[in-house]
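Each remark here refers to the structure printed beneath this line.
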Amino acid sequence: YRIIKSNYKCEARCGIEMASLTDLKAKSVKLGNQNIAIRMKTKVEHRVPLAVRAIEILTTQKTKSDDPTLVFPSTKGKVTSDMIFVKFLRDHSITSSEPGRIATAHGFRSSFRDWGAETGRYQYEVLEACLAHQVGDKVQQAYNRSDVFALRQAVMKDWCRYCSVQSASVVVPFSAGN
């Protein structure tokens, strides 16, 4: 996370930071709009609670495109390629927790889920809802219509705090390789 917080001026840096703070897939962040209500794989709208840093990123990005639906436009004002995120991680030698592997944008979602489980403070269903995962069979899903937004908001606030510079001494889920 420290490398991502560097002053590297690139849409990829902000895109990856946003993806890590919101637990959205990089493509969802890239294609998202300013209110960040995304249709994920489930085709159901997924409202995303935003921490202060995520709002700061959106506010900054708002001025960078003529298209209000593009949060992270390419230099030509179009939708960026997913490869921009891969290239950023590769160019900065940001390694995965798997020895010998480069980190992936999706790995931030996995790190969030591991963190949530290891803290022991959050319900399984709430953590899964943060990732826009459906839980249970069709009958359970029919009766469980809440998006537990307020609970997810508290989780995401804690996650952002965990990822912040103030917590850098305990937050280094990956390292910069040489």
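Every number in this text was worked out from the coordinates using simple rules, so none of it is lab data. Every value quoted in this text rests on a predicted model; they were computed, and no experiment measured them. Note: ideal-geometry Cβ built from the backbone for every residue, glycine included; neighbour counts use all protein chains shown.
Let a ≥ b ≥ c be the square roots of the eigenvalues of the Cα gyration tensor of the stretch 82-157; is it rounded (a/c under 1.5), or, if not, prolate (a/b larger than b/c) or oblate? The shape class here is prolate.
A straight chain from Tyr124 to Ser164 at 0.36 nm per residue would run longer than the Cα-Cα distance by 12.0 nm.
For the stretch 78-152, the Cβ-based charge dipole about the Cα centre amounts to some 220 debye (Lys, Arg positive; Asp, Glu negative; other atoms uncharged). FRET efficiency for the pair Ala117 and Thr75, taken as 1/(1 + (r/R0)^6) with r the Cβ-Cβ distance and R0 = 41 Å, rounds to 0.55. Projecting the Cα atoms of Ser110, Pro99, Thr60 onto the dipole axis of the stretch 50-130, where Lys and Arg carry +1 and Asp and Glu carry -1 at the beta carbon, places Thr60 farthest toward the positive end.
In this structure, Ser93 and Ala150 have a Cβ-Cβ separation that, at R0 = 35 Å, corresponds to a calculated FRET efficiency of about 0.35. Ordering 157-164, 65-72 by mean Cβ neighbour count within 10 Å, with the highest value first, yields 157-164, 65-72. Relative contact order for the stretch 65-145: 12 percent, from Cα pairs under 8 Å spaced at least 6 residues apart, divided by residue count.
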